[in-house]
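Peer 1: Here it is: the structure, laid out below.
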Amino acid sequence: DGGITQSPKYLFRKEGQNVTLSCEQNLNHDAMYWYRQDPGQGLRLIYYSQIVNDFQKGDIAEGYSVSREKKESFPLTVTSAQKNPTAFYLCASSTTSAKNIQYFGAGTRLSVL
Amino acid sequence: KNEVEQSPQNLTAQEGEFITINCSYSVGISALHWLQQHPGGGIVSLFMLSSGKKKHGRLIATINIQEKHSSLHITASHPRDSAVYICAVSSGSRLTFGEGTQLTVNP
């Protein structure tokens, strides 16, 4: 079935450690997005990519990095510079002609040990 | 003030009740979306609308562009409707999300 797969479902980070969240899609979508969700807040955009080998910062990019080497994959690295990484992370994708119709993955819950 | 405001934040209902969740926005939009997030975390799209009203099963979404307001109604609510309902607006190529409404429907 076509869709977006995020892994792992749960992830724990130690102090000073970088961790990478995986996002893979087989929808043949050009655009992919990473959002962060905190309790009582709406989803906030971290990074987005409209095409392979290109990506832009969203509203809260500090402490995060991404790569887009393949159309299907858009991994997010939470670096040690992100001082408050505990949150729920959602990946989404869309066509470039309909960026407002986004398909979401099931999310990764990141906690700090 | 958030660009997208939802109310209520939390809603508890008894099975069978008629439910309304409201969304107000303060920016110009090209479309408004209602999304459903289940306890596992995944999000599915329920509606995208830019005018009028849409219906899908027991769900109805309305939008008033002049008043910058949308409502999501659930008729004959059921415990399986328990989820977080999120309003989001499209402006250009960006989505802006409301905080979500946690709905719990008790049997």
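Peer 1: Exactly one condition in (1) open to solvent by 50 Å² or more (accessible area, probe 1.4 Å); (2) within 13 Å of chain B (Cβ to nearest Cβ); (3) under 14 Å from the mean Cα position of the chain (by Cα) is not met by A:R36; state its number.
Peer 2: Condition (1) is where A:R36 drops out.
Peer 1: Which one of these is hydrophobic (A, V, I, L, M, F, W, C) and under 17 Å from B:R94 (Cβ atoms): A:A87, A:A92, A:A81?
Peer 2: A:A92
Peer 1: Also, quick follow-up: So which of A:L27, A:L45, A:L21 is open to solvent by less than 60 Å² (accessible area, probe 1.4 Å) and either part of a loop (DSSP other than H, G, I, E, B) or small (G, A, S) (or both)?
Peer 2: Result: A:L27 is the single residue among A:L27, A:L45, A:L21 that is open to solvent by less than 60 Å² (accessible area, probe 1.4 Å) and either part of a loop (DSSP other than H, G, I, E, B) or small (G, A, S) (or both).
Peer 1: Given (1) within 13 Å of another protein chain (Cβ to nearest Cβ); (2) open to solvent by 30 Å² or more (accessible area, probe 1.4 Å); (3) at positive phi, identify the lone condition not met by B:K68.
Peer 2: (1)
Peer 1: Out of everything in region B:33-58 that is over 14 Å from the mean Cα position of the chain (by Cα) and open to solvent by 70 Å² or more (accessible area, probe 1.4 Å), what residue ends up being modelled with the lowest pLDDT?
Peer 2: B:P39
Peer 1: Out of (1) modelled with pLDDT under 95; (2) more than 10 Å from the chain's Cα centre (by Cα), the odd one out for A:G105 is which?
Peer 2: It fails just one condition, (2).
Peer 1: What number of residues in region A:74-113 are open to solvent by less than 50 Å² (accessible area, probe 1.4 Å), part of a loop (DSSP other than H, G, I, E, B), more than 14 Å from A:Y10 (Cα to Cα) and more than 10 Å from chain B (Cβ to nearest Cβ)?
Peer 2: Of the residues in region A:74-113, 5 are open to solvent by less than 50 Å² (accessible area, probe 1.4 Å), part of a loop (DSSP other than H, G, I, E, B), more than 14 Å from A:Y10 (Cα to Cα) and more than 10 Å from chain B (Cβ to nearest Cβ).
Peer 1: As an exercise: evaluate B:A83 against (1) open to solvent by less than 40 Å² (accessible area, probe 1.4 Å); (2) under 28 Å from A:S97 (Cα atoms); (3) within 14 Å of chain A (Cβ to nearest Cβ); (4) not polar (S, T, N, Q) and give the number of the one condition it does not meet.
Peer 2: Here B:A83 meets the rest and fails (2).
Peer 1: Only residues in region B:64-92 that are within 15 Å of B:H38 (Cα to Cα) count as the first member; pair them with residues that are buried (at least 21 other Cβ atoms within 10 Å of the Cβ) and among the aromatic types (F, W, Y), Cβ under 7 angstrom, at least 6 apart or cross-chain, and list the lot.
Peer 2: The qualifying pairs are B:Y85/B:W34; B:I86/B:F97; B:C87/B:W34.
Peer 1: Let me ask something additional. I need the full set of residues from region B:75-107 which are charged (D, E, K, R) and over 26 Å from A:Y48 (Cβ atoms), in order please.
Peer 2: Listed by number, the residues that qualify are B:R80, B:D81.
Peer 1: Of the residues A:Q6, A:Q50, A:Q56, which single one is facing chain B (nearest Cβ under 10 Å), part of a strand (DSSP E or B), closer than 30 Å to B:L49 by Cβ and open to solvent by 30 Å² or more (accessible area, probe 1.4 Å)?
Peer 2: None of the other options fit; the residue is A:Q50.
Peer 1: Go through B:A61, B:A76, B:A83 for me and flag whichever is modelled with pLDDT of 95 or more and within 27 Å of A:T5 (Cα to Cα).
Peer 2: Details: B:A61 fails: within 27 Å of A:T5 (Cα to Cα); B:A76 fails: within 27 Å of A:T5 (Cα to Cα).
Every option except B:A83 fails the conditions.
Peer 1: Confirm whether A:R13 is basic (K, R) and closer than 25 Å to B:L103 by Cβ.
Peer 2: The answer is no for A:R13.
Peer 1: Take the residues in region B:1-55 that are closer than 17 Å to B:Q66 by Cα and aliphatic (A, V, I, L, M); name whichever of them is farthest from the other protein chains (Cβ to nearest Cβ).
Peer 2: Checked region B:1-55; the qualifying residue farthest from the other protein chains (Cβ to nearest Cβ) is B:V27.
Peer 1: Determine which member of the set B:I74, B:I60, B:I29 is touching a strand residue (DSSP E or B) at 6+ places or on another chain (Cβ under 8 Å) and closer than 24 Å to A:L45 by Cα. Step through it out loud before you land on a result.
Peer 2: Values: B:I74 fails: closer than 24 Å to A:L45 by Cα; B:I60 fails: closer than 24 Å to A:L45 by Cα.
None of the others qualify; the one that does is B:I29.
Peer 1: Could you tell me whether region A:66-73 includes any residue that is more than 12 Å from the chain's Cα centre (by Cα), of a type outside the set (D, E) and within 14 Å of chain B (Cβ to nearest Cβ)?
Peer 2: The answer is no, given that none of the residues of region A:66-73 is more than 12 Å from the chain's Cα centre (by Cα), of a type outside the set (D, E) and within 14 Å of chain B (Cβ to nearest Cβ).
The values are calculated or read from the model by the stated rules, or taken from the named source; none is laboratory data. What you are looking at is a predicted structure, and each value in this text was computed from that prediction instead of being measured. Glycine gets a Cβ as well: all are built from the backbone with ideal geometry, and neighbour counts include every protein chain shown. The protein model used for the area step is the full one, side chains on, heavy atoms only, and it has no ligands, DNA or RNA in it. Shrake-Rupley method; radii C 1.70, N 1.55, O 1.52, S 1.80 Å.
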